[in-house]
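S.K.: The structure under discussion is supplied below as structure tokens; questions concerning it will follow.
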Amino acid sequence: MPDLYAYAHLLAEEKHRRPGHDVMAILLAQVDDDGGQVSVEEFENMFWLFAVAGNETLRNGLRGACIGLLDHPNLHLVFGHGPHFCLAAHLARGQMRALFAEADADGSAGVRRQASVPALETSSAA
């Protein structure tokens, strides 16, 4: 954990020196009505949240994504929408794309799902 906070601290310093148009730069550039900005400590904690959320989405979505892509190779990765949209979906999508690209480069593209693995289920709850 200390390494993650140290990285967030360095990232905040870099974004202050060279602001961009990414989520972290925009977050650091925000100013409230009283002129206050996100402190380094607040940024470190929010960065940790983004990292954990992306990891959680990746770990929980990986099995379903693998099965879905094996059954439907042209499937697009989606992580919800509306109020339940995952804030770290972009990170998780990037990680999954890299994983599948690496698997494809290794010749794993011919992998097929075994019949004993259940297909994806959809929730009927509204």
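The values are calculated or read from the model by the stated rules, or taken from the named source; none is laboratory data. All values derive from a computational prediction rather than experimental measurement. Cβ atoms come from the backbone with ideal geometry, glycine included; neighbour counts cover every protein chain shown.
S.K.: Would you call Asp33 exposed (fewer than 12 other Cβ atoms within 10 Å of the Cβ) and modelled with pLDDT of 70 or more?
M.R.: Numbers: exposed (fewer than 12 other Cβ atoms within 10 Å of the Cβ): yes; modelled with pLDDT of 70 or more: yes.
Against the criterion (exposed (fewer than 12 other Cβ atoms within 10 Å of the Cβ) and modelled with pLDDT of 70 or more), Asp33 qualifies.
S.K.: Given the structure, is Arg93 in a helix (DSSP H, G or I), at pLDDT below 80 and out of contact with any Phe, Trp or Tyr (no Cβ under 8 Å at 6 or more places or on another chain)?
M.R.: Judged against the criteria, Arg93 is not a match.
S.K.: Restricting attention to the range 14-29, which residues are modelled with pLDDT of 90 or more and loosely packed, with under 12 Cβ neighbours inside 10 Å?
M.R.: Within the range 14-29, Arg17, Arg18 meet the criteria.
S.K.: Only one of Ala105, Ala125 is surrounded by fewer than 10 Cβ atoms within 10 Å (Cβ to Cβ) and modelled with pLDDT of 70 or more; which? Please lay out each step first, then the result.
M.R.: Details: Ala125 fails: modelled with pLDDT of 70 or more.
Only one candidate passes the filter, namely Ala105.
S.K.: Residue under question is Val38, and the condition is that it be among the aliphatic types (A, V, I, L, M), without any contact (Cβ under 8 Å) to a residue 12 or more places away in the chain, more than 23 Å from Ala92 (Cβ to Cβ) and touching a strand residue (DSSP E or B) at 6+ places or on another chain (Cβ under 7 Å); does it hold?
M.R.: Working: among the aliphatic types (A, V, I, L, M): yes; without any contact (Cβ under 8 Å) to a residue 12 or more places away in the chain: yes; more than 23 Å from Ala92 (Cβ to Cβ): yes; touching a strand residue (DSSP E or B) at 6+ places or on another chain (Cβ under 7 Å): no.
It is false that Val38 is among the aliphatic types (A, V, I, L, M), without any contact (Cβ under 8 Å) to a residue 12 or more places away in the chain, more than 23 Å from Ala92 (Cβ to Cβ) and touching a strand residue (DSSP E or B) at 6+ places or on another chain (Cβ under 7 Å).
S.K.: Right, here's the next one. So which of Phe85, Phe79 is at pLDDT below 70, touching a Ser or Thr at 6+ places or on another chain (Cβ under 9 Å) and within 30 Å of Lys15 (Cα to Cα)?
M.R.: Numbers: Phe85 fails: touching a Ser or Thr at 6+ places or on another chain (Cβ under 9 Å).
When all the criteria are applied, what remains is Phe79.
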